[in-house]
Amino acid sequence: MAQEVVLGIDIGGSLTKVGLVTREGNIIDKTIFKTNAQNPFPSFMEKLKLEVETLILKWDVDIQIRSIGVGAPNANPHTGQIENPPNLKWGKATPIAKIINQTFNLPVSLANDANAAALGEMVFGAAKGMKNFVALTLGTGLGSGIIVDGKLLIGEHGAAGEIGHVNVEPNGRECNCGLHGCLETYASVTGIKRTVFELLADMKIDSPLRGISFKDMRGTDISDAALKGDLIALTAFEKTGEILGSKMADTVAHLDPEAFILSGGLSKAGEILLRPIRTRMQQHLFNAYKGKIKVLLSTATSSNAVLGPAALAWLELENTALE
């Protein structure tokens, strides 16, 4: 008897990841290809169709694909479209759910990539068993997904939970969204790089980071330097953690979550980042929440990004069965 699976598709500005995922969260096979986001959307679909068909061909007798889950930047589940994506040159609105449904003749569920990641944490990851939590993805930007009473918070316009764009400093750093002082300009890989370069200008001390250009610097360069005791890197993580912890305390006042789950490149620094986050969050928490909010690291890896869209697909199947 063929094993039931869903197809999880995680679309990023650089890479697209596709996987066949069981109800238990086992990835039986996956593939990764370049999104080539500067090319028109039809060329992306041609590549996606080829990659999926190649994947299915290997397992055709052994699997039954029930549904497709898609996580993508700026995806609106109300309209089924990717809308005004900054890193995908596909136009203002791409009806991706409809086109994928027509291409593969399977039900399609769509979510913002950060929201899909939150569902993946709830169904398969560090938040398994939790009903109220916030997942923060600290990558190039800051993505966030909010789970309330076991359900994804989507909002009236399909864009709830953009914590990366709450304001830290009214006249602060310019953000890609057009605003100034957004949290993600401080608490993200890009944000901490900006902090490092400000510190390098202000602090006349030796640092291995001085020999790396802004373009070439990676989050791992900063975390590696911090782990070796570099004062510039340690100070950058301290400042980043303090800003993020303060805004997480604000989020607690709105949502009263059980935990925050952190993932993405910046989270790889572990306790170097978590320590100032927890300290500053506790300082700013209303007394009713003090000592009650957990800050945890995700157990997922970037290669397992298909688990979020897969969780979305499985949950949608379950909800449909109950109707």
What pairs come up if the first residue lies in segment 291-311 and is free of Cβ contacts under 8 Å to residues at least 24 places away in the same chain, the second is surrounded by fewer than 24 Cβ atoms within 10 Å (Cβ to Cβ) and assigned to a helix (DSSP H, G or I), and their beta carbons are under 8 Å apart, counting only those six or more places apart or on different chains? 291/282
What strands (runs of 3 or more DSSP E), lying completely within segment 91-152, carry at least 1 residues that are farther than 23 Å from residue 301 by Cα and basic (Lys, Arg)? none
Within segment 85-143, restricting attention to residues that are surrounded by fewer than 21 Cβ atoms within 10 Å (Cβ to Cβ) and of a type in the set (D, E, K, R), which residue is farthest from residue 25 (Cα to Cα)? 92
All positions within segment 249-293 that are of a type in the set (D, E, K, R) and either in contact with a Gly (Cβ under 7 Å, 6 or more places away or on another chain) or within 23 Å of residue 228 (Cα to Cα) (or both): 268, 271, 275, 278, 280
Could you please find all residues in segment 61-79 being small (Gly, Ala, Ser) and under 19 Å from the mean Cα position of the chain (by Cα)? 69, 71, 72, 75
What's the total number of residues in segment 196-214 that are part of a helix (DSSP H, G or I) and among the aromatic types (Phe, Trp, Tyr)? 1
Can you find even one residue in segment 230-250 that is assigned to a loop (DSSP other than H, G, I, E, B) and closer than 17 Å to residue 195 by Cα? yes
Give segment 171-202 a look and list any residue that's at pLDDT below 95 and among the aliphatic types (A, V, I, L, M), or say none. 179, 189
Among 245, 264, which is the only one that is touching a strand residue (DSSP E or B) at 6+ places or on another chain (Cβ under 6 Å), among the small types (Gly, Ala, Ser) and within 23 Å of residue 167 (Cα to Cα)? 264
Which residue pairs have Cβ atoms closer than 7 Å, lie 6 or more positions apart in sequence or on different chains, and pair a first residue in segment 133-161 that is closer than 23 Å to residue 188 by Cα and not assigned by TED's automatic domain parsing to the domain that holds residue 217 with a second residue that is surrounded by fewer than 24 Cβ atoms within 10 Å (Cβ to Cβ) and not aliphatic (A, V, I, L, M)? none
Quick one: residue 51 ticks every box in (1) more than 18 Å from residue 99 (Cβ to Cβ); (2) acidic (Asp, Glu); (3) under 25 Å from the mean Cα position of the chain (by Cα) except a single one, so which number is it? (1)
What is the number of the single condition among (1) part of a helix (DSSP H, G or I); (2) modelled with pLDDT of 95 or more that residue 257 does not meet? (1)
Complete set of residues in segment 30-52 that are surrounded by fewer than 15 Cβ atoms within 10 Å (Cβ to Cβ) and either among the acidic types (Asp, Glu) or part of a helix (DSSP H, G or I) (or both): 42, 43, 46, 49, 50
Checked segment 169-181 for anything within 18 Å of residue 236 (Cβ to Cβ) and in a strand (DSSP E or B); matches are none
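The values are calculated or read from the model by the stated rules, or taken from the named source; none is laboratory data. Model, not experiment: these values are computed from the prediction. We place every Cβ from the backbone using ideal geometry, glycine too, and count neighbours over all the protein chains shown.
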